[in-house]
Amino acid sequence: MSVPTIKHLRAFVVRGGGADYHDQGGGHWIDDHIATPMARYPEYRQSRQSFGINVLGTLVVELEASDGTTGFAVTTGGEPAAYIVEKHLARFVEGAKLTDIEKIWDQMYFATQYYGRKGLVVNALSGVDLALWDLLGKWRREPVHHLLGGAVRPELQFYATSSRPDLSKKLGFIGGKMPLHHGPAEGEEGLQKNIAELAEMRARVGSDFWLMFDCWMSLELNYAIKLAQRAHEHGLKWIEEALSPDDYWGYAELKKQAPRGMLVTTGEHEATRWGFRMLLEMDCCDIIQPDVGWCGGMTELIKISALADARGALVIPHGSSVYSYHFVITRHNSPFAEFLMMAPKADEVVPMFNPLLLDEPVPVQGRLGVGALDKPGFGVRLNPACTLHRPYTH
């Protein structure tokens, strides 16, 4: 069979939800006094949108092959990422065979290395890579998880990230991860409030339900150690992304100091095999949490996971909807998945990337059977009701 080439690459921007799930309206739990690195400034403490967490919006990368097959993917990065995709990355994609995914990744990464390596550039690269996997799956008429080697279990289990773990338990999830609401700048009073919230949730959900804290890079080492020690009394399963993603030394010390049985997790804002190699070789954490839309795409997540598997570390990708589901169900060292509760009050299960994707599967009673992932590619469609803007062409 003759392999088609990639004829067109197009990059679009869309606002209002989608992959940039922080781009929400007012009154949403995801923007309510959550500890951040900017919380040291009182004027930026109440709302993450106040310091610009939602300024970029969602990036949509669309590919069209010479035989008419199309594929797409979404990630964050918005207009700046669209510029990088159209003006730089397109040259490595258009004209290539749609099976040349490894070569395309290598060329995109090393061509941008002088101004990239992490962050926005790797987000853009990740979007292109995921679109390539979607295109390949649609051309072969197979779901992406088949291309990755096939499912190793019949269903996915999920924990939920939200402000209301008690509601998540009622909805069938295996655990609940809470945003940490008070950071070091709020002193001992804030620390006590964090512990009180955990204690209240533990009383609501009982002793067997997982509870975790998502600290979103907001702490310094001593505060993180103190928080972990006090939270241990209330059965905290793990403390997540407590420090700056560049502070490998701090994470290594936190892992040493954490109470026995409590897990240290991080990696949501890490990128590429080299960044995760640092986390693993320096023994920074028990679980790595790459986001497939930010770490380098599916092509790179495969390599990251192999590094972790060799060291006996778990890989629990940061919530990225179908893009991580297809991966998690194929890996023994990814035994469960994250689901972000995107209902404003965290009281119902709605699609994570709503309203941008159609046919986006969601867990039922905290579980998702492999059959829900059996459509070609990633199995989702763009919602035609969402307005896509193409700010640049090439």
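Listed values, structure above:
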read-out	value
Residues residue 367 and residue 185, FRET efficiency given R0 of 41 Å [Cβ-Cβ distance, rounded to 0.05]	0.55
Whole-Hz couplings from phi, Karplus 6.51/-1.76/1.60, listed for the range 165-171; x for Gly and Pro	x, 4, 6, 4, 4, 5, 8
With at most 13 other Cβ atoms within 10 Å, longest stretch of the chain clear of loop GluC sites (Glu not before Pro) (DSSP)	1-232
Helix axis angle, 119-140 relative to the chain longest principal axis, alpha carbon, degrees	50
FRET efficiency estimate (nearest 0.05) - Cβ-Cβ, residue 2 to residue 46, R0 41 angstrom	0.10
Three-way shape call for the range 147-375 based on the alpha-carbon gyration tensor, with the a/c threshold at 1.5	oblate
Sites residue 332 and residue 381 - FRET efficiency at Förster radius 30 Å, r taken between beta-carbons, to 0.05	0.45
Cα-based shape type of the range 81-233, given that a ≥ b ≥ c are square roots of the gyration tensor eigenvalues and the cut on a/c is 1.5	oblate
Crossing angle, helix 248-257 versus the chain [Cα axis fit, 0-90 degrees, rounded to tens]	40
Helix 187-205 vs. the chain, principal-axis angle (Cα, 0 to 90°, nearest 10)	80
Estimated vicinal HN-Hα couplings, Hz - the range 10-19 in sequence order (Karplus 6.51, -1.76, 1.60; Gly, Pro = x)	9, 10, 10, 10, 9, 10, x, x, x, 5
Extension gain from residue 359 to residue 281, taking 0.36 nm per residue of separation minus the Cα-Cα distance	24.1 nm
For residue 292, residues with placed amide H under 5 Å, excluding near neighbours	318
Percent antiparallel among DSSP beta bridges (both partners in the range 147-375, rounded to 5)	15
Theoretical ellipticity at 222 nm over the chain - DSSP helices of four or more residues, -39500 (n - 2.57) apiece, nearest 500	-9500 deg cm²/dmol
Selected from 88, 145, 22 as most flexible by GNM, with the chain as the system and alpha-carbon contacts under 10 Å	88
The chain - share of DSSP beta bridges that are antiparallel (%, nearest 5)	50
Listed candidates (i) 63, 43, 42; (ii) 83, 50, 38; (iii) 80, 42, 39 - label of the one calculated as Cα extents along the principal axes in Å	(i)
For the range 382-387, 3J(HN,Hα) per residue [Karplus equation, 6.51 cos²θ - 1.76 cosθ + 1.60, θ = phi - 60°, Hz, x = Gly/Pro]	6, 6, x, 6, 8, 7
Long-range HN-HN contacts of residue 23 with modeled amide H, under 5 Å	17
GNM top mover of 51, 72, 378 - the chain, alpha-carbon springs below 10 Å	51
Simple label model, 7 Å out from Cα along Cβ direction - residue 208 to residue 306, nm	4.0
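Where a number appears in this text, it was derived from the coordinates with a stated rule and is not lab data. Quantities reported herein were computed from a predicted structural model and do not represent experimental measurements. We place every Cβ from the backbone using ideal geometry, glycine too, and count neighbours over all the protein chains shown.
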